[in-house]
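Participant: Just passing along the structure, written as structure tokens.
The values are calculated or read from the model by the stated rules, or taken from the named source; none is laboratory data. Quick caveat, the model's predicted, so the values are computed rather than measured. Reconstructed Cβ throughout: ideal geometry from the backbone, glycine too, with neighbour counts over all protein chains shown.
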Amino acid sequence: MDYETYMDIFPRTISWNPWHGCRKVSRGCLNCYMFEGDKRRGIPGSNVVTKSKTQFDLPIQKDRSGKYRLRDNLVLTSMTSDFFIEEADEWRDETWKMMSKRKDLTFEILTKRPHRIMDCLPDDWGDGYPNVRLSVSAEDQEAWDERVPILLTIPAVKRDVYVAPIIGPVDTSDILPRGGIDAIYVGGEYCSEGARHCDFEWVCAIREECVRNNVTFIWRNTGKYLLKNGEMFCIDSISEQGKLAASIDMDYIVEPLLPPRRTFQSRLF
Ligand code: SF4
């Protein structure tokens, strides 16, 4: 990714975690960073889903001057849980209303439970809210084969796939030529203990298919262990993992993920 694109997207990206806690569902969950973070901070009960007291209404929170705190942001939704987890069914409708109200923000909803999406959409979803991107994570071929076809059956203005943490080769050539996927993000596993390596060849193969089919490709981070040209590199710092991936300049942007930057600066950044 060139520096200008990096500076346009990532400083404007923010996580919104309306609820916290989750249950592991697949190999990609093995080293879930939410479980790891809770353990490091001594917070028990990561597998109990609770509504956030401070973040639930983040998109409509205002500052002292009465302006929304979030402005001009890409809002990654439910990064410390799963947006479609059953325990959150009673709270989700309210979050849809907030997304509908804040059409100026771009929301990215990521899930490992795409089989629940259709039953959890709001009544006025139609062909999809214009400011909501639906995405699944697919850490390996098995997850890709299971989740991506389901995502394609769901009406949405934009659909993305997070191949993260990538733990094996993923053949995307069966699905990308059919259309319907707008962007693929690849990331390695960055947990502190037991991280599985990212093979540069796997990343290149996915990129090649994205370019061939004109699908946005972004390599978000190398993960802690990167295998490249037969050599295993260990990159401890998470920020360095992101910078290293960006510096290799692999990204292929078909269209910007956010509207052009406005002239004002968000107070959060
Ligand atoms: S679905 Fe996501 S948040 Fe839930 S356990 Fe798996 S990786 Fe963690």
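Participant: Give the residue, chosen from LYS39, LYS53, that is out of contact with any helix residue (DSSP H, G or I) (no Cβ under 8 Å at 6 or more places or on another chain), closer than 22 Å to GLY194 by Cβ and more than 9 Å from the ligand (Cβ to nearest atom).
Facilitator: So the residue among LYS39, LYS53 that is out of contact with any helix residue (DSSP H, G or I) (no Cβ under 8 Å at 6 or more places or on another chain), closer than 22 Å to GLY194 by Cβ and more than 9 Å from the ligand (Cβ to nearest atom) is LYS39.
Participant: Going by what's in this entry, would ASP123 be described as farther than 26 Å from VAL25 by Cβ, acidic (Asp, Glu), out of contact with any Phe, Trp or Tyr (no Cβ under 6 Å at 6 or more places or on another chain) and touching a residue at least 40 places away in the same chain (Cβ under 8 Å)?
Facilitator: Judged against the criteria, ASP123 is not a match.
Participant: Now, a different point. Can you name every residue in region 78-105 that is at pLDDT below 95 and within 23 Å of THR153 (Cα to Cα)?
Facilitator: SER78 - this is the single residue of region 78-105 that is at pLDDT below 95 and within 23 Å of THR153 (Cα to Cα).
Participant: If you go through region 9-25 one residue at a time, how many are assigned to a helix (DSSP H, G or I) and charged (D, E, K, R)?
Facilitator: 1
Participant: All but one of (1) touching a helix residue (DSSP H, G or I) at 6+ places or on another chain (Cβ under 9 Å); (2) assigned to a strand (DSSP E or B) hold for LEU110, so report the exception by its number.
Facilitator: In the conditions (1) touching a helix residue (DSSP H, G or I) at 6+ places or on another chain (Cβ under 9 Å); (2) assigned to a strand (DSSP E or B), LEU110 misses (1) alone.
Participant: Pairs only if they're at least six apart or on different chains, beta carbon under 8 angstrom, first in region 169-193 and modelled with pLDDT under 95, second assigned to a loop (DSSP other than H, G, I, E, B) and acidic (Asp, Glu); list them, first residue then second.
Facilitator: As it stands, the answer is none, since no pair meets every condition given.
Participant: Here is a list of conditions, (1) within 16 Å of the ligand (Cβ to nearest atom); (2) hydroxyl-bearing (Ser, Thr, Tyr); (3) loosely packed, with under 13 Cβ neighbours inside 10 Å, and THR80 meets all of them except one; can you say which number that is?
Facilitator: Failed condition: (3).
Participant: In region 109-145, how many residues are more than 18 Å from the chain's Cα centre (by Cα) and either modelled with pLDDT under 95 or within 16 Å of the ligand (Cβ to nearest atom) (or both)?
Facilitator: 2
Participant: So, one more: Give me the pairs: first residue in region 26-48 and in a helix (DSSP H, G or I), second residue near the ligand (Cβ under 9 Å from one of its atoms) and of a type in the set (Ser, Thr, Tyr), beta-carbon distance under 7 Å, and six or more apart or on different chains, which are they?
Facilitator: The qualifying pairs are GLY28/SER137; MET34/SER46; MET34/THR80; PHE35/SER46; ASP38/SER46.
Participant: Exactly one condition in (1) away from the ligand (no atom under 14 Å from the Cβ); (2) surrounded by fewer than 18 Cβ atoms within 10 Å (Cβ to Cβ); (3) farther than 27 Å from LYS53 by Cβ; (4) of a type in the set (Asp, Glu) is not met by ASP160; state its number.
Facilitator: Condition (2) is where ASP160 drops out.
Participant: How many residues does region 113-146 contain that are assigned to a helix (DSSP H, G or I), of a type in the set (A, V, I, L, M, F, W, C) and crowded, with 19+ Cβ neighbours inside 10 Å?
Facilitator: Of the residues in region 113-146, 3 are assigned to a helix (DSSP H, G or I), of a type in the set (A, V, I, L, M, F, W, C) and crowded, with 19+ Cβ neighbours inside 10 Å.
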